[in-house]
Amino acid sequence: MAETIFSTKAAAKGGREGQVKTDNGVVDVALKMPDKNGMPEEASNPEQLFAAGYAACYDGALNLMASKAGKDIESEVTAEVSLLKDPEDNGFKLGVTMHVNVQGVAKEEAEELAHKAHDFCPYSKATRGNIDVQLNVSTD
């Protein structure tokens, strides 16, 4: 196993209708399944939590790639995580679209940085081959 940089923990009780809490207590969230009206405002779900972590990690990787390339950018990343029906086992799977907005470089450079970030980001590495991830890069 590789050298550990740091570790953290989160505990869940009650599954998708329960509570999740990190070891330091900063994240302490009620969980609910979306209904026909969408997601209740007073709760979250595993997909939202995954989206938050992936967006933050990817944006960090994007800015690191820009820095290494000598580019001064401003960026915003929105991870759109979908719960999908899996026809292979009649269960469920995840799909992700990364909406990557990069200011300060041309579209072609933004796309190159986005792909480099996708190669580098730990979340992208963890999902590679397991989850379909699409990159939607914009510069406006």
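Rundown of residues vs (1) within 26 Å of Asn101 (Cα to Cα); (2) surrounded by 14 or more Cβ atoms within 10 Å (Cβ to Cβ); (3) of a type in the set (Lys, Arg), yes/no style:
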position: Met1; (1), (2), (3): no, no, no
position: Ala10; (1), (2), (3): no, no, no
position: Gly14; (1), (2), (3): no, no, no
position: Asp23; (1), (2), (3): no, no, no
position: Pro34; (1), (2), (3): no, yes, no
position: Glu41; (1), (2), (3): no, no, no
position: Gly60; (1), (2), (3): yes, yes, no
position: Lys68; (1), (2), (3): yes, no, yes
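For the residues Ala69, Ala114, the requirement of being touching a Leu at 6+ places or on another chain (Cβ under 6 Å) and of a type outside the set (D, E, K, R) singles out Ala114.
Looking at region 1-38 only, could you name the residues that are more than 26 Å from Pro122 (Cα to Cα) and in a loop (DSSP other than H, G, I, E, B)? Of everything in region 1-38, those that are more than 26 Å from Pro122 (Cα to Cα) and in a loop (DSSP other than H, G, I, E, B) turn out to be Gly14, Gly18, Lys32, Met33, Pro34, Lys36, Asn37.
Regarding region 43-57, can at least one residue be identified that is loosely packed, with under 11 Cβ neighbours inside 10 Å, free of Cβ contacts under 8 Å to residues at least 24 places away in the same chain and assigned to a loop (DSSP other than H, G, I, E, B)? Within region 43-57, not a single residue is loosely packed, with under 11 Cβ neighbours inside 10 Å, free of Cβ contacts under 8 Å to residues at least 24 places away in the same chain and assigned to a loop (DSSP other than H, G, I, E, B). Among residues of region 72-90 that are in contact (Cβ under 8 Å) with a residue 40 or more places away in the chain, those with a Cβ under 9 angstrom from a residue that is in a strand (DSSP E or B), sequence gap 6+ or separate chain, pair up as Ile73/Val102; Ile73/Gln103. Within region 113-130, the set of residues being buried (at least 18 other Cβ atoms within 10 Å of the Cβ) and of a type outside the set (Phe, Trp, Tyr) comprises Leu113, Ala114, Ala117, His118, Cys121, Ser124. Count of region 71-112 residues, restricted to those that are surrounded by 13 or more Cβ atoms within 10 Å (Cβ to Cβ) and farther than 26 Å from Leu49 by Cβ, is 9.
Is it fair to say Gly91 is assigned by TED's automatic domain parsing to the domain that holds Tyr123 and at pLDDT below 95? Spelling it out, Gly91 is indeed assigned by TED's automatic domain parsing to the domain that holds Tyr123 and at pLDDT below 95. All conditions but one from (1) within 25 Å of Phe120 (Cβ to Cβ); (2) at pLDDT below 95; (3) touching a helix residue (DSSP H, G or I) at 6+ places or on another chain (Cβ under 6 Å) apply to Ser82; the one that does not is (3). Screening Gly70 with (1) of a type outside the set (S, T, N, Q); (2) in contact with a helix residue (DSSP H, G or I) (Cβ under 8 Å, 6 or more places away or on another chain); (3) at pLDDT 95 or above gives one miss only, at (2).
The values are calculated or read from the model by the stated rules, or taken from the named source; none is laboratory data. Keep in mind the model is a prediction, meaning the values are calculated, not measured. Heads up, the Cβs are rebuilt from the backbone with ideal geometry, glycines too, and the neighbour counts pull from every protein chain shown.
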